Amino acid sequence: MNKFTKSMILGLLFTVGSGTILSNNVLAASDNNDDQSTTVVSTQVSPIKTITPTENKAVQVTVPTAKLYSKAGKLSNRGLGNGTSWRVGSELFRNDDSTYFQVSTDEYLPASDGYLYDTYKGIAKVSTSTPAPLYDHNFNKISGRNVASGSSWQTDRSIAVYSPGAVSPMHYYRVATDEWISSETVDSLTYLNSMTPY
């Protein structure tokens with residue numbers, strides 16, 4: 001009966017993973033599922049999971065000057081301006097529950113400094129019998145702001161919100177600079193064109 005030593009196990013892990021070794025206890029691997037590319041990197045400090053999102057994902061910066069970080073967590077010497085939008089290449093999830101959006105080859109924006117959205121160009125018609133409330137991008141109701149029942153509004157962005165236990169997400173559609181209408185108050189959407197510039 002063969003006895004495995006620590007060096008034999010590490011060697012086996014390195015061979016099976018066939019990935020990049022970042023430190024003594026790091027193994028990078030790749031897994032494909034449902035046409036999404038997923039890379040899981042386990043480290044002593046901060047395991048990382050990267051998911052490549054679907055097309056038309058972008059992020060808008062919501063802080064005065066947003067700092068960028070490398071995938072390894074190193075601070076970049078570049079930043080992004082408030083109100084600017086950037087196409088997202090992938091989403092990065094760390095073990096401390098922080099999320100980052102890839103906006104350049106190795107530059108990631110913290111999710112806390114912006115919001116992720118889908119480009120969606122269409123017309124949303126309000127279905128409620130009373131005025132429909134408007135929300136900001138954090139889904140806070142905007143006091144004193146609503147849209148009339150039966151009115152139609154052009155939209156260029158949507159945000160999907162996944163509630164715990166929900167089968168499908170709720171969507172919010174942008175109808176003004178930072179004013180969004182809930183899919184619960186929309187009767188119909190007329191799709192015009194999903195491709196809009198970032």
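Tabulated data for the structure shown
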{"item": "With DNA, RNA and ligands ignored, accessible area of Glu179 (1.4 Å probe; Å², nearest 10)", "result": "30"}
{"item": "Relative contact order computed over the range 63-198 (Cα-Cα under 8 Å; 6+ residues apart), in percent", "result": "22"}
{"item": "Sites Ser149 and Thr62 - FRET efficiency at Förster radius 35 Å, r taken between beta-carbons, to 0.05", "result": "0.70"}
{"item": "Hz values of 3J(HN,Hα) by residue in the range 115-123 - Karplus curve (6.51, -1.76, 1.60), Gly and Pro given as x", "result": "10, 8, 9, 9, 6, 8, 9, x, 10"}
{"item": "Extension gain from Asp106 to Asn77, taking 0.36 nm per residue of separation minus the Cα-Cα distance", "result": "9.2 nm"}
{"item": "Two-site label geometry, Phe93 and Thr52: point separation in nm, points 7 Å out along Cα→Cβ", "result": "1.8"}
{"item": "Charge tally in the Cβ shell below 13 Å around Lys57, where Lys, Arg are +1 and Asp, Glu are -1, Lys57 excluded", "result": "-1"}
{"item": "Reciprocal of mean inverse Cα separation for the range 92-147 (Kirkwood radius, Å)", "result": "14.5"}
{"item": "Neighbour net charge for Gly81 - beta-carbon separation under 15 angstrom, K R +1, D E -1", "result": "0"}
{"item": "Cα convex hull volume per residue for the range 66-198 (Å³)", "result": "131"}
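The values are calculated or read from the model by the stated rules, or taken from the named source; none is laboratory data. Model, not experiment: these values are computed from the prediction. Positions of Cβ are backbone-derived with ideal geometry, glycine not excepted, and every protein chain shown enters the neighbour counts. SASA here: full protein model, heavy atoms, side chains in, ligands and nucleic acids out. Shrake-Rupley method; radii C 1.70, N 1.55, O 1.52, S 1.80 Å.
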